[in-house]
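Heads up: the structure comes next, in structure tokens.
The values are calculated or read from the model by the stated rules, or taken from the named source; none is laboratory data. The shown structure was predicted, so the numbers you read here are calculated from the model rather than taken from an experiment. Using ideal geometry, Cβ is built from the backbone for each residue, glycine included, and neighbour counts are taken over all protein chains shown.
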Amino acid sequence: MASILQVEQIQGPTSGANANTIQIPSGQTLDLTNATRNLGLSTDDMPAGSVVQVITSFSNTQVVNNTTSMVNAGLSVSITPKYSTSKIIVDGHLGLNVANTNNQGIGARMTLNGTWLESGGDWTGLSNNSNNFILFYHDSGHSRDFYGQMPFMLTSTAQLTAGQAYNFIVKFRGWINESNTIINPGYASSTIRATEIKQ
């Protein structure tokens with residue numbers, strides 16, 4: 001039978017290089033599998049690279065755009081970072097149908113708190129041209145349907161404002177021959193996810 005040590009508190013030394021620290025020696029593991037109490041840990045104790053929070057949003061509502069103007073795709077997510085030094089990754093996919101029309105396509109963009117995200121700014125993952133798309137598809141010279149789910153991913157590169165909400169909205173448009181560009185056509189849905197990564 002394994003030995004059991006019962007104590008109310010464990011405290012580290014009050015001075016020295018490891019003051020107020022309880023160390024687990026190299027090669028040893030603190031097994032908390034069956035822990036049932038709050039250990040008093042917070043995200044402040046997490047190392048760099050840890051996931052602080054994940055916010056996910058889903059949509060299967062069909063949206064049709066017969067123009068070359070951007071319209072709301074019905075897909076959005078909001079995240080409020082805990083740390084100004086974190087990175088935010090916004091990723092997901094759009095379920096779409098580009099109808100059987102010659103020279104058809106789709107372009108999608110994203111707004112952050114009502115402002116268009118643009119390449120060369122504080123986010124990577126945008127097309128490196130004036131369109132600033134998060135995803136783009138164009139079928140030139142053919143008349144065929146395209147159905148599928150197209151992925152996108154953006155990553156913050158600048159310091160964030162902790163405690164401020166970051167609201168992302170996806171919008172889309174047809175391309176040249178703009179007839180029947182559809183988000184969530186019935187057999188493909190859309191998802192967006194915002195993840196805060198501690199640095």
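Here are a few things to note about the model shown:
- Evaluation of Thr61 against (1) in a loop (DSSP other than H, G, I, E, B); (2) in contact with an Asp or Glu (Cβ under 8 Å, 6 or more places away or on another chain); (3) among the polar types (S, T, N, Q); (4) at pLDDT 90 or above (one fails), failing number: (2)
- In segment 148-178, residue farthest from Ile79 (Cα to Cα) [restricted to those that are among the aromatic types (Phe, Trp, Tyr) and modelled with pLDDT of 85 or more]: Phe172
- The residues of segment 27-70 that are under 30 Å from Ile106 (Cβ atoms) and small (Gly, Ala, Ser), listed by number, are Ser57, Ser59, Ser69.
- Among (1) assigned to a loop (DSSP other than H, G, I, E, B); (2) free of Cβ contacts under 8 Å to residues at least 60 places away in the same chain, the one test that Asp44 misses: (1)
- Hits in segment 64-91 (condition: surrounded by 16 or more Cβ atoms within 10 Å (Cβ to Cβ) and not in a strand (DSSP E or B)): Met70, Thr80, Pro81, Lys82, Tyr83, Ser86
- In segment 119-132, the residue that is modelled with the lowest pLDDT out of those that are touching a Leu at 6+ places or on another chain (Cβ under 7 Å), assigned to a loop (DSSP other than H, G, I, E, B) and not aliphatic (A, V, I, L, M) is Ser119.
- Residue match in segment 133-152 (condition: in a strand (DSSP E or B), without any contact (Cβ under 8 Å) to a residue 40 or more places away in the chain and exposed (fewer than 14 other Cβ atoms within 10 Å of the Cβ)): yes
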